Amino acid sequence: MCSWIRDLKKIPYVRLMLRSSVDQKHSEKAFSLQKIIAGDFDVDLRAWARDAKSFGSPILIEWGTEPNGNWFSWNGKWNGGAKEGPARYIAAYRHIVDLMRTGGADNLIWVWHVNWLDEPERKWNRFENYFPGENYCDWVGLSAYGPTTPTTRDGTESFRFKMREAYPRLTKIAPGKPIIIAEFGCDLHNRRADAARWAKSALEDLFSNRWPAITGLCWWNEGWQNDDRKKHDTDMIVLHDVDLTGVFQEEFARNADKIQESAIISPR
């Protein structure tokens, strides 16, 4: 798959999602942070690094997505809490990066990716406490969603509202690092937020250079089942809504001079 992407003269962006299942909000038994730190998966990680090295050209890579969100098993809540959780995450993160660098996979560009809101909202769980250090982070990623299901009651605030606090925090902890909006989106059927309107406001702000460190964006163009009721399914797929499709077409056309079609990093 990475080769297909490279053939299109683009850069692959890969996430290492070390988890037993997509069912989260609990501690991880198989791929716990302690086991990663202890080296239980070093053989597999070294093999992955060898393949990445032999691939030869740049790959954006991420592990430990949104560590300040308790929906993932690498969040501090599931790994010793306030006292030990963030420190364990950093140790596991650095272990993976060091292992792959030692293996010569210097073509890997490491993305550290957090959520705009710390959940739980506790001082110990602030995303700053999970920062692995500037030498372990090449790019910074941020998630900032509107309502993500048809029934979600919160999260209806604008994209700008979510960036108001998150952006200064990111630029303070990682000055000079490129920031990508790794995930943003809004469910098409939530009655409390109009997806097209929400997206238009977000794109206008993103293209306005209001946040100059931001170099890229990714609308989470996906749908999924939330429970046994079909009407509760999440749908954020742009082409499923004519108004949302129009917003993307119009904003991308209006800001064509700010959109770089060729990869920023040479795919070789």
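Nothing in this text is a laboratory measurement; each read-out follows from the coordinates by a stated rule. Remember, it's a predicted structure, so these values are computed and weren't measured experimentally. Virtual Cβ from ideal backbone geometry, glycine too; neighbours counted across all protein chains shown.
With a threshold of 23 Å on the Cα-Cα distance, the over-threshold entries among Lys200/Lys231; Lys25/Lys172; Lys35/Lys77 are Lys200/Lys231; Lys25/Lys172. Loop-located GluC sites (Glu not before Pro) in region 101-180 (DSSP state not H, G, I, E or B) with no more than 11 neighbouring Cβ atoms inside 10 Å: Glu121. Between Ser3 and Ala82, the C-beta separation translates, for a Förster distance of 45 Å, into a calculated FRET efficiency of about 0.55. Taken one residue at a time, the phi angles of region 217-233 give Karplus couplings (6.51, -1.76, 1.60, θ = phi - 60°) of 8, 9, 5, 7, 7, 8, x, 7, 8, 9, 7, 7, 9, 4, 5, 8, 5 Hz. Gly and Pro are set to x. In region 9-124, the C-alpha radius of gyration followed by the widest Cα-Cα span (Dmax) gives 14.5, 45 angstrom. Of [x] 22.6, 74; [y] 18.3, 56; [z] 18.9, 51, which is the value of Rg and Dmax of the Cα atoms in Å derived from the coordinates here? Computing Rg and Dmax of the Cα atoms in Å and matching it to [x] 22.6, 74; [y] 18.3, 56; [z] 18.9, 51 gives [z]. Each of Trp219, Thr148, Gln24 was scored by the projection of its Cα onto the charge dipole of the chain, and the greatest displacement toward the positive side belongs to Gln24; charges sit on the C-beta of Lys, Arg, Asp and Glu. Here the relative contact order of the chain, from alpha carbon pairs under 8 Å that lie six or more residues apart, stands at 16 percent. Stretching Ser27 away from Asp227 to a fully extended chain increases their span by 69.8 nm, per 0.36 nm per residue minus the current alpha-carbon distance. Put simply, when 49-60, 177-188, 250-261, 91-102 are sorted by average Cβ atoms within 10 angstrom per residue, most first, you get 177-188, 91-102, 49-60, 250-261.
Under 5 Å from the amide H of His113 lie the amide H atoms of Glu66, Gly141, each residue being 5 or more positions distant or on a separate chain, with H modelled from the backbone and absent for Pro and chain starts.
Summarising the amide proton neighbourhood of Gly216: residues at separation of 5 or more, or on other chains, whose placed amide H is nearer than 5 Å comprise Ile181. Using alpha carbon centroids, what distance separates region 197-265 and region 1-53, in Å? Using only Cα atoms to place each centre, the spacing works out to 26 Å.
Taking every DSSP helix (H) stretch of at least 4 residues in the chain, weighting each as -39,500 (n - 2.57) and dividing the sum by the residue count yields a mean residue ellipticity at 222 nm of -10500 deg cm²/dmol. Karplus-based coupling profile of region 56-73, in residue order and whole Hz: x, 9, x, 9, 6, 9, 9, 9, x, 3, 6, x, 8, x, 6, 7, 10, 6, with θ = phi - 60° in 6.51 cos²θ - 1.76 cosθ + 1.60 and x standing for Gly or Pro.
If only the Cβ of Lys and Arg carry +1 and only the Cβ of Asp and Glu carry -1, the dipole of the chain around its Cα centre is close to 540 debye. Given R₀ = 30 Å, FRET efficiency for Ala263-Arg94 by Cβ-Cβ distance, to 0.05? Using R0 = 30 Å, I get an efficiency of 0.60. Residues whose amide H comes within less than 5 Å of that of Asn226, counting only those at least five positions distant or on another chain, are Asp233, Thr234 (H built at 1.01 Å from N in the peptide plane).
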